[in-house]
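Bear in mind that the values in this text are calculations on the coordinates, not laboratory data. Note that the structure is a prediction, hence the values are computed from the model and not measured. As a convention, Cβ positions derive from the backbone with ideal geometry for all residues, glycine included, and neighbour counts pool all protein chains shown.
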Amino acid sequence: MYAASITSEGRDGTPFTPPHPPPVVTPIAARFMNDDRGEERYWLTRAADAGYWKGAGSLSLSYSHPKSGPPDYALAEHYGAIAAQAGSVGAASGIGVGYNEGIYHSLPLCQGFYNYIFLQRRLRYDGELTPDAIFAYVLQMKKHADGAACLKRETIDAGIAESKRLYDAWKAKYDEQERQKKELYDKARARIPEVKAAYDKAVAANKKKE
């Protein structure tokens, strides 16, 4: 789906009709993206709704920076969270920064900031979240106009715990995907001699015909 979205530009001039019967999907509106035909917006939204991090991350940016009209920060956060929980460091960082800047509001300030700024750190450093890193982010909240509540030990600990839960959930899914991929590659690799022999046989047969 994501590949269909990024290659849609090469099909300009061709009418686009969503496949039938379509899943329940509401494509991102045209004012957020330069895509009048709607094909890129349709496939990008489907990829994002299916949990693909690149699709969700792209939608989050488009909702934050529309080509016309005001941003839709609620949807930007929604899709940013999908991307972050699917392993995107940039999306996790973006949500944390968004809470710090006051543009995201689906969670309380402390929760939204710590959950995702700690998550991006874990994603970047293989799950590690050092005391120095925690202190640096807490210091940001200390300087925040509304950050007094974020300095409580239980609030910080809750963010640490939730970021670990989110990281562990992503890592388990990622490891399983990698295991399945390796299994498929191993099966394909085992067939290389068979495929090569068939190819050599076909080449030899063609040479005889010549």
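If you average the C-alpha positions of the range 81-133 and of the range 134-193 separately, how far apart do those two centres end up, in angstrom? Here the two parts' Cα centres lie 9 Å apart. Taken along the Cα-to-beta-carbon direction at a fixed 7 Å, the label points for Arg191 and Lys142 span 6.0 nm.
In cubic angstrom, how much convex hull volume per residue do the alpha carbon atoms of the range 107-210 span?
So the per-residue Cα hull volume is 151 Å³.
Each 10 Å bin, from zero up to the one with the longest distance, holds this percent of the alpha carbon pairs of the range 1-86: 19, 52, 27, 2.
Rounded to the nearest 10 degrees, the angle from helix 192-209 to the longest Cα principal axis of the chain is 30 degrees. Across the chain, Cα pairs under 8 Å and at least six residues apart give a relative contact order of 12 percent. Value of Rg to Rh for the chain, rounded to two decimals, is 1.15; Kirkwood radius and Rg both from alpha-carbon coordinates.
Among 55-65, 3-13, how do they line up from the highest to the lowest mean number of other beta-carbon atoms within 10 Å?
55-65, 3-13
Site pair Lys208 and Arg31 shows an inter-label distance of 7.1 nm when each label is modelled 7 Å from Cα along Cα→Cβ. Among the GluC sites (Glu not before Pro) in the range 95-168, those placed in a DSSP loop whose Cβ has at most 12 other Cβ atoms within 10 Å are Glu128. Here the sum of -39500 (n - 2.57) over DSSP H runs of 4 or more residues, divided by the residues of the chain, equals -22000 deg cm²/dmol at 222 nm, to the nearest 500. Sorting Phe16, Phe113 by the number of Cβ atoms found within 10 Å of their own Cβ, with the fewest placed first, yields Phe16, Phe113.
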